[in-house]
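Worksheet: the structure to be examined is printed underneath.
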Amino acid sequence: MTNEAVYNVIGIGIGPFNLGLAALSHPISELKTLFLDQRDGFDWHPGLMIDHVTLQTPFLCDCVSMADPTNPLSLLNYLKETGRLYKFFIREDFFIPRKEYNRYCQWVIEQLPQCRFSTQVVDITYEEGLYHVTTIQTKTKETTVFKTERLILGTGTQPYIPSFIPKDDSRVIHTSSYLYRKDELLSQGKKIAIIGSGQSSAEVFYDLLQNRNEETHLGWYSRPDRFFPMEYSKLTLELTSPDYVEYFYNRSESARKTILSKQQAQFKGINYDLINDIYDFIYDLNIDNADPNLKIIPNSQLNRVDYSNPDFISLEFTQLEQEVPYDQEADYLILGTGYRYHEPAFLKNIQDRIKRDSSGLFDVNRNYSIDHNAGEIYVLHAEVHTHSYISTDLGMAAYRNSYIINDILGREHYKIEKKIAFQDFDVEKYADLPTAKI
Ligand SMILES: Cc1cc2nc3c(=O)[nH]c(=O)nc-3n(C[C@H](O)[C@H](O)[C@H](O)COP(=O)(O)OP(=O)(O)OC[C@H]3O[C@@H](n4cnc5c(N)ncnc54)[C@H](O)[C@@H]3O)c2cc1C
């Protein structure tokens, strides 16, 4: 079936980023939009919705506030509408529970009829000046083609499992599936190895630590030389700013790669309080010098996983500073190995419209578009290599969405901040020096 309506914008994927775009485009009557998602409803990272975890970004990172604090789809209005605003006021904490953020996003969706779920995009073609988006209704299997002038790709990132780890052994679990397997993990006396030094690994380690029975043995292994905190000092937070996007975008392809490789601690560490909570919990376990029945090992690279023995998995590590290999055994291996962007397969028939850089990645224009005409196909969360790690940050989503909406409208509908940082990043802007690129 072909839907004869022509949309100005079709957003594919309704994660927080496209949801923000749907919310911010909602009041603009001249924009006819449709947002599609293959899932049956919004549910934010359900496999990691551990009790008591909070957002890592202040609540103002909701769908609309940083673009338009008066928009009724703000988190504050959600709290008002649901009778929770005073409780939030008394709680005095900018960092809301992830469960509450999830519920808030579901409330936003209830008010946006242009968001359609159970609709998987399987193909896109370009015909007579329009993108034809083929979808399958996942329950009825009905096929529908929608036509649009522009696409916004918001399909998110996928759990990453290193290639040397076979994916078909049920004893290997990515942190994104943790809660689905938690009961099994906590069954009597299991040996559990957790790999990774990021926030998800730490959350899983702490949750298991609090809920395990006495016989459960936990091992936590990290490649970096320490379990380092995510940097959260204010001058570092200025790297999450419009000024910094501008600076980063204008560096060369190779300079950007170098910059990203140095920004591990800024975006990849563990919440500072969580590290301390973990330490304090273990301290309590160790009163009277009791054995806490766990291992925490930095500086360790996992090189190989051997599944040949049905009774246990054998893990082969190297202690990187000492350059000494060592083995460990486990019943389960939990991988906190992060997420990667995969280009959606539905782009295969419009490849000729997409710009590529020398590495074959999307050559993303400053306005977040990736097509040769610089205004037809926009990406959200697929532009770390051109717009920096800010691309992954909920706090900057409203900025990016404002930028895209203004670009589509050809006018500044949403006011966009250009300089918010006290520090200056670009020598060409702050010094009267001969032009010099890094
Ligand atoms: C556990 C966790 C906690 C995080 N917490 C924070 C935080 O506190 N602060 C912060 O700034 N960042 C955080 N992040 C990072 C980031 O904000 C989130 O990953 C966020 O969900 C990214 O949103 P997204 O819209 O890009 O994608 P996603 O949330 O992954 O959504 C993508 C959607 O696209 C849909 N889709 C994919 N393919 C198709 C298709 N072919 N057809 C239709 N639909 C499709 C999927 O079903 C999915 O619903 C967190 C990440 C994780 C994993």
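Select from Y126, Y399, Y86 the residue whose mean-square fluctuation is largest in a Gaussian network model of the chain (Cα-Cα springs shorter than 10 Å).
Y86
Mean separation of Cα pairs under 8 Å and 6+ residues apart, divided by the residue count of segment 8-71: what relative contact order is that in percent?
RCO, segment 8-71: 40 percent.
Please calculate the 1.4 Å probe accessible area of I278, with all protein chains present, and give it to the nearest 10 Å².
Number for this one is 10 Å².
Using every Cα-Cα pair within segment 151-204, state what percent have a distance larger than 12 Å.
It works out to 74 percent of all Cα pairs.
Among P46, P97, P162, determine the one that fluctuates most according to a GNM of the chain built with springs between C-alpha atoms less than 10 Å apart.
Of the options given, P162 has the highest mean-square fluctuation.
Please give the length that would be gained between S118 and K419 if that part of the chain were fully extended, namely 0.36 nm times their separation in residues minus their C-alpha to C-alpha distance (nm, one decimal).
The span from S118 to K419 would gain 104.3 nm if fully extended.
Percent of Cα-Cα pairs more than 21 Å apart in segment 23-107, please.
In whole percent, the long-distance tail amounts to 36.
Quickly estimate the mean residue ellipticity at 222 nm for the chain, helices only: each DSSP H run with n ≥ 4 gives -39500 (n - 2.57), and the total goes over all residues, rounded to 500.
It comes out at -7500 deg cm²/dmol, rounded to the nearest 500.
With contacts defined as alpha carbon pairs under 8 Å and 6 or more residues apart, what's the relative contact order of segment 132-203 in percent?
Relative contact order, segment 132-203: 16 percent.
With a probe of 1.4 Å, find how much accessible area segment 261-396 has per residue, and write the answer as a whole number in Å².
I get 50 Å² per residue for segment 261-396.
How long are the semi-axes of the equivalent ellipsoid of segment 177-231, taking √(5λ) for every eigenvalue λ of the Cα gyration tensor, in whole Å from largest down?
Semi-axis lengths for segment 177-231 are 22, 12, 9 Å.
Per residue, how many Å² of accessible area does segment 105-242 show with a 1.4 Å probe?
Per-residue accessible area for segment 105-242 comes out at 45 Å².
So what is Rg over Rh here for segment 238-385, counting just Cα atoms and using Kirkwood for Rh?
Looking at segment 238-385, the ratio lands at 1.10.
Have a look at the DSSP beta bridges in the chain and tell me what percent are antiparallel, nearest 5.
Here the share of antiparallel DSSP bridges comes out near 50 percent.
For segment 241-257, take each phi angle, set θ = phi - 60°, evaluate the Karplus expression 6.51 cos²θ - 1.76 cosθ + 1.60, and give the result in whole Hz per residue in order, putting x for glycine and proline.
These are the phi-based 3J(HN,Hα) values: 8, x, 4, 6, 4, 4, 4, 5, 4, 7, 7, 6, 4, 6, 5, 4, 4 Hz.
Okay, which of segment 197-212 sit inside 20 Å, backbone N to the point 7 Å along the Cα-Cβ direction of D273?
Label zone hits: 198-211.
Which residue fluctuates the most in the chain, going by a Gaussian network model with Cα springs under 10 Å, if the choices are K99, K295, K191?
In the Gaussian network model the winner is K295.
Expressed as a fraction of 2.2 N^0.38 Å, the rule-of-thumb size for a compact globular protein of N residues, what is the C-alpha radius of gyration of the chain?
Cα-based Rg divided by the globular estimate yields 1.05.
Give the span of segment 92-138's Cα atoms along each principal axis, as three whole-Å numbers ordered largest to smallest.
Ordered largest first, segment 92-138 gives principal extents of 54, 23, 18 Å.
Quick one: Cα convex hull volume of segment 174-271, Å³ per residue?
It comes to 128 Å³ per residue, whole-number rounded.
Within the accessible area of the chain, what % is carbon and sulfur when the probe is 1.4 Å and the other protein chains stay in place?
So the carbon and sulfur contribution to the accessible surface is 51 percent.
The values are calculated or read from the model by the stated rules, or taken from the named source; none is laboratory data. The model shown is predicted, which means the values in this text are computed figures rather than measured ones. Don't worry about glycine lacking a Cβ; one is built from the backbone with ideal geometry, like all the others, and counts go over all protein chains shown. When the accessible area is computed, the model is the full protein with side chains, heavy atoms only, and any ligands, DNA or RNA have been set aside. Shrake-Rupley method; radii C 1.70, N 1.55, O 1.52, S 1.80 Å.
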